[in-house]
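Here is the structure we will look at.
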Amino acid sequence: MAKNPTPVRLGMVGGGSGAFIGAVHRMAARLDGRFELVAGALSSTPERSVASGAELGLRRAYGTWEEMLQAESTRDPAERIEAVSIVTPNHMHYPVALAFVEAGLNVICDKPMTVDSNQARALEAAVAASGVVFGVTYNYTGYPLVKEARRLVASGALGELRKVVIEYHQGWLATRLEEDGNKQAGWRADPALAGTGGAIGDIGSHAENLAATVTGLHVEELCADLTPVVPGRRLDDDANVLLRFTGGVKGVLVASQVAIGAENDLRLTVNGSRGSLHWRQEDPNRLVVHLLNAPTQVLTRAGGPYLGAAAAAATRIPSGHPEGFIEAFAEVYRNVAEAIRLRERSANAGGMGSDDASPSDAGLSSAVPDYPSVNDGARGVAFIEAAVASQAGGSVWVKVGRGA
Ligand SMILES: NC(=O)c1ccc[n+]([C@@H]2O[C@H](COP(=O)([O-])OP(=O)(O)OC[C@H]3O[C@@H](n4cnc5c(N)ncnc54)[C@H](O)[C@@H]3O)[C@@H](O)[C@H]2O)c1
């Protein structure tokens, strides 16, 4: 009988009192019992870090991430953290991620992974050298019906792809919230903390990743019109981007944070020569598929044996019981945990397959862990950089490279 895999001992950087996404990471990490949060350096000052840790009842609350790295590295190996989640504003991702990767720790980092491609490339190289598991929380790829959409495209059901449309509409930055002491708006409006992209970095990077994951195509060239619509703002809060994917497939990406009334309205349409599919994050348990000359189909999460293995594996409760954001986020965590345990097992056994116990005996799935990697993170950074360069050049076509 399968044992429960031992939870991965997790540390967290960022996500202190009053923060947004850190709490979501904690819920997602806990959902499947595959992580145990044991340490953290949760805020930007030592006092707030320790106080935030105490609020969570954290056993090892450190003042700074450097202190956490130092102290954890010298602990008994059976107790020290095995992975760290980085949920700070964007400018801190790189120094923290690099230090932990170089210390041989696994990393889960929020997006955008870094603020420029030089950092992203350095991180890719460091991950390759150390062999650690590095996941980026492009959490929208964790929805079962996003996995199903990817399977449908790969199966050829839509025929040859023709056009991909990704929209991400939010309205919360329609006024200068950053001037009103809003913590999340404050750093997002500051290029020194957010990087060179505003909406294009904050939500456009999710959109790029969703399109690339579902279609298997990468944006090769783009032409961007980025605007700070709200007067006085330095970074774009509205982005309209024409895309050319691998093989000449056309696309459009719209990312706006000034769309009054819009909440977290991420939408994907993929059009092919034999059909199209449509998915919305605010209605994530339904996938609409139109096949040429056939009635419209609405696929539902856990809707039956017509769903592929990846979608089925990502669903936790029977159909009709809504699953959502936390479960999709937890998919990234579950797969990262799986990858960490597989790597460890492989190292102990001298390579996967040479051990006499199967992954399922250890409570691990036999499927290859599927999570957004450091390379996905680097591609997202290159996308943001290309969009900003296009705008700076007068909305010209720019190739999406890996840095200037
Ligand atoms: N994947 C998603 O859906 C998603 C959603 C929201 C935000 N994000 C990303 O998550 C990150 C955090 O965003 P947020 O909205 O939660 O921001 P936030 O401002 O709410 O939280 C940031 C936290 O980091 C802490 N922090 C800052 N500097 C630190 C340091 N040196 N050491 C330790 N802690 C430090 C702050 O004190 C705060 O607790 C950003 O990179 C953002 O792009 C991702």
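Overview of values
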| quantity | calculated |
| --- | --- |
| Within segment 140-185, considering residues that are part of a strand (DSSP E or B) and touching an Asp or Glu at 6+ places or on another chain (Cβ under 9 Å), the one surrounded by the most Cβ atoms within 10 Å (Cβ to Cβ) | TYR168 |
| Residue within segment 335-346 that is outside the structural domain of ALA367 (by TED's automatic domain parsing) and either among the basic types (Lys, Arg) or in contact with a Gly (Cβ under 6 Å, 6 or more places away or on another chain) (or both) present | no |
| Residue in segment 153-168 that is within 19 Å of the chain's Cα centre (by Cα), hydroxyl-bearing (Ser, Thr, Tyr), more than 19 Å from ALA83 (Cβ to Cβ) and not assigned by TED's automatic domain parsing to the domain that holds LYS250 present | no |
| Close pairs from segment 186-207: first in a helix (DSSP H, G or I), partner near the ligand (Cβ under 8 Å from one of its atoms) and acidic (Asp, Glu), Cβ under 8 Å, at least 6 apart | ARG188/ASP202; ALA194/ASP202 |
| Restricting segment 29-52 to residues that are more than 9 Å from the ligand (Cβ to nearest atom) and aliphatic (A, V, I, L, M), the residue that is farthest from GLU82 (Cα to Cα) | ALA51 |
| Segment 92-140: number of residues that are hydrophobic (A, V, I, L, M, F, W, C) and in contact with a strand residue (DSSP E or B) (Cβ under 8 Å, 6 or more places away or on another chain) | 16 |
| Candidate set from segment 318-348 (those that are free of Cβ contacts under 8 Å to residues at least 40 places away in the same chain and under 23 Å from the mean Cα position of the chain (by Cα)); member that is nearest to the ligand (Cβ to nearest atom) | PRO322 |
| Single residue of segment 227-280 satisfying the filter (of a type in the set (Ser, Thr, Tyr) and in a strand (DSSP E or B)) that is nearest to TYR143 (Cα to Cα) | THR269 |
| Flag for ILE81 being hydrophobic (A, V, I, L, M, F, W, C), within 11 Å of the ligand (Cβ to nearest atom) and under 26 Å from TYR138 (Cβ atoms) | no |
| One residue from ALA224, ALA211 being at negative phi, outside any helix (DSSP H, G or I) and small (Gly, Ala, Ser) | ALA224 |
| Those residues of segment 127-139 which are in a helix (DSSP H, G or I) and within 16 Å of the ligand (Cβ to nearest atom), in sequence order | ASN139 |
| Residue ID - nearest to ARG343 (Cα to Cα), chosen from residues in segment 91-107 that are of a type outside the set (A, V, I, L, M) and surrounded by 24 or more Cβ atoms within 10 Å (Cβ to Cβ) | ASN106 |
| Checking GLY232 against (1) touching an Asp or Glu at 6+ places or on another chain (Cβ under 9 Å); (2) closer than 26 Å to TYR94 by Cβ, the condition it does not meet | (2) |
| Sole exception among (1) in contact (Cβ under 8 Å) with a residue 60 or more places away in the chain; (2) farther than 25 Å from ALA23 by Cβ; (3) outside any helix (DSSP H, G or I) for ALA120, by number | (3) |
| Set ALA61, ALA54, ALA78, ALA19: member being among the small types (Gly, Ala, Ser), over 20 Å from PRO372 (Cα atoms), surrounded by 18 or more Cβ atoms within 10 Å (Cβ to Cβ) and free of Cβ contacts under 8 Å to residues at least 24 places away in the same chain | ALA61 |
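The values are calculated or read from the model by the stated rules, or taken from the named source; none is laboratory data. Remember, it's a predicted structure, so these values are computed and weren't measured experimentally. Cβ coordinates were reconstructed from backbone atoms using ideal geometry, including for glycine residues, and neighbour counts include every protein chain displayed.
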